[in-house]
There are 2 protein chains.
Amino acid sequence: MTVTVSAPERLIRIGEVARGAGVSVRAVRYYEQQGLLIAERSPSGQRLYRQDAIPLVRFFQEMFAAGLTSRRITELLPCWDSGHTDAEQRAMLRAERERIQAKIDDLQATLDHLDEVIAITDTHP
Amino acid sequence: MTVTVSAPERLIRIGEVARGAGVSVRAVRYYEQQGLLIAERSPSGQRLYRQDAIPLVRFFQEMFAAGLTSRRITELLPCWDSGHTDAEQRAMLRAERERIQAKIDDLQATLDHLDEVIAITDTHP
DNA sequence: CTTGCCTCTGACGCTGGCGTCAGGTTTTAG
DNA sequence: CTAAAACCTGACGCCAGCGTCAGAGGCAAG
């Protein structure tokens with residue numbers, strides 16, 4: 001039988017999270033307000049995060065860039081960080097996947113359109 | 001020598017433009033306010049458009065979906081509807097093309113990311 | 001003529017992801 | 001010990017692309 005002595009994980013403060021993830025401190029506080037990121041508090045009230053908060057914030061940025069709202073992300077978080085998801089959550093996950101795929105297809109079509117215009121304007125000054 | 005008698009093109013009103021392009025009447029007025037779409041006026045003050053306003057509005061929607069602002073679109077309009085563009089405009093056009101391509105690449109990476117999560121949540125209920 | 005739909009001009013509201021300022025406490029470096 | 005840097009809680013501001021409401025005029029049909 002093995003006993004896992006939880007390694008005294010070094011907790012970091014909000015500034016380090018922000019710099020590590022390339023966002024502003026304000027943004028990290030906002031994520032907490034939206035329920036995306038829960039922080040412990042030091043006795044004096046400062047937010048304390050585990051290191052994996054940094055990749056998590058990067059993940060949020062990725063989802064924002066893909067057009068998801070913070071509410072939607074909170075609904076999908078169980079799929080991400082826990083090993084237990086229900087059918088509804090997996091369905092939402094696939095639905096978002098489809099939305100993103102559709103967006104990619106739209107952008108690709110737009111790109112092709114633009115390329116035509118570029119070709120015309122280049123050959124026909 | 002040929003004389004081009006301009007065909008008495010049927011002008012349409014704002015509602016027909018909106019329905020044709022799948023946007024709201026309010027949106028079409030907004031485009032005019034932003035300088036995207038200039039309309040003639042009937043004696044009573046109603047906006048009158050040529051039929052090609054409909055594909056033009058569709059084009060605006062495509063650009064909005066690709067992340068361009070209305071200001072940016074006005075700057076690019078000469079590339080689109082006239083046969084005369086300068087070097088600066090063609091450069092902007094290519095720059096936007098690159099932006100969209102980068103966006104597509106980002107979204108594709110996000111999609112791959114999501115597919116991994118989906119695979120995990122599906123095999124590991 | 002009137003009914004009903006379309007159009008007009010303001011002008012305020014909304015959404016989301018923050019920026020930014022104010023005014024105060026805490027931690028850290030020297 | 002002290003000054004700078006980092007952190008805290010509100011709370012207002014911003015932008016862009018419209019939605020929406022108010023109040024008034026235009027236009028074809030019966």
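Every number here is computed from the coordinates shown, using simple stated rules; none is lab data. Here the structure is a predicted model, which means the values were calculated and not measured. Every residue, glycine as well, gets a Cβ built from its backbone with ideal geometry; the counts of neighbours run over all protein chains shown.
Answer yes if at least one residue in region B:99-109 is in contact with a Ser or Thr (Cβ under 8 Å, 6 or more places away or on another chain), at the interface with another protein chain (Cβ under 9 Å from one of its Cβ atoms), within 16 Å of DNA strand D (Cβ to nearest atom) and within 27 Å of A:THR123 (Cβ to Cβ), and no otherwise. Even if it seems obvious, please write down each step before you answer.
Taking region B:99-109 and keeping what is in contact with a Ser or Thr (Cβ under 8 Å, 6 or more places away or on another chain), we get B:100.
Then keep just the ones that are at the interface with another protein chain (Cβ under 9 Å from one of its Cβ atoms); that gives B:100.
Filter once more, so that each one left must be within 16 Å of DNA strand D (Cβ to nearest atom): B:100.
Among the residues that remain, those that are also within 27 Å of A:THR123 (Cβ to Cβ) are: B:100.
Yes, region B:99-109 contains at least one residue that is in contact with a Ser or Thr (Cβ under 8 Å, 6 or more places away or on another chain), at the interface with another protein chain (Cβ under 9 Å from one of its Cβ atoms), within 16 Å of DNA strand D (Cβ to nearest atom) and within 27 Å of A:THR123 (Cβ to Cβ).
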Can you work out which of the residues in region B:31-53 that are within 10 Å of DNA strand C (Cβ to nearest atom) and free of Cβ contacts under 8 Å to residues at least 12 places away in the same chain is nearest to B:PRO78 (Cα to Cα)? B:GLN33
Residue check, A:ALA66 against (1) more than 9 Å from chain B (Cβ to nearest Cβ); (2) in contact (Cβ under 8 Å) with a residue 24 or more places away in the chain; (3) out of contact with any strand residue (DSSP E or B) (no Cβ under 7 Å at 6 or more places or on another chain); (4) within 14 Å of DNA strand C (Cβ to nearest atom), all met but one. Which one? (1)
So how many residues does region A:30-64 have that are more than 16 Å from the chain's Cα centre (by Cα), loosely packed, with under 12 Cβ neighbours inside 10 Å and either among the charged types (D, E, K, R) or over 15 Å from A:GLY15 (Cα atoms) (or both)? 4
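Please tell me if A:ASP81 is free of Cβ contacts under 8 Å to residues at least 40 places away in the same chain, within 14 Å of chain B (Cβ to nearest Cβ) and away from DNA strand C (no atom under 11 Å from the Cβ). Don't jump to the end; show me each part of the working.
Values: free of Cβ contacts under 8 Å to residues at least 40 places away in the same chain: yes; within 14 Å of chain B (Cβ to nearest Cβ): yes; away from DNA strand C (no atom under 11 Å from the Cβ): yes.
Answer is yes for this residue.
Give region A:79-111 a look and list any residue that's within 19 Å of A:LEU36 (Cα to Cα) and either surrounded by fewer than 15 Cβ atoms within 10 Å (Cβ to Cβ) or touching a strand residue (DSSP E or B) at 6+ places or on another chain (Cβ under 7 Å) (or both), or say none.
Correct list: A:ASP81, A:SER82, A:GLY83, A:HIS84.
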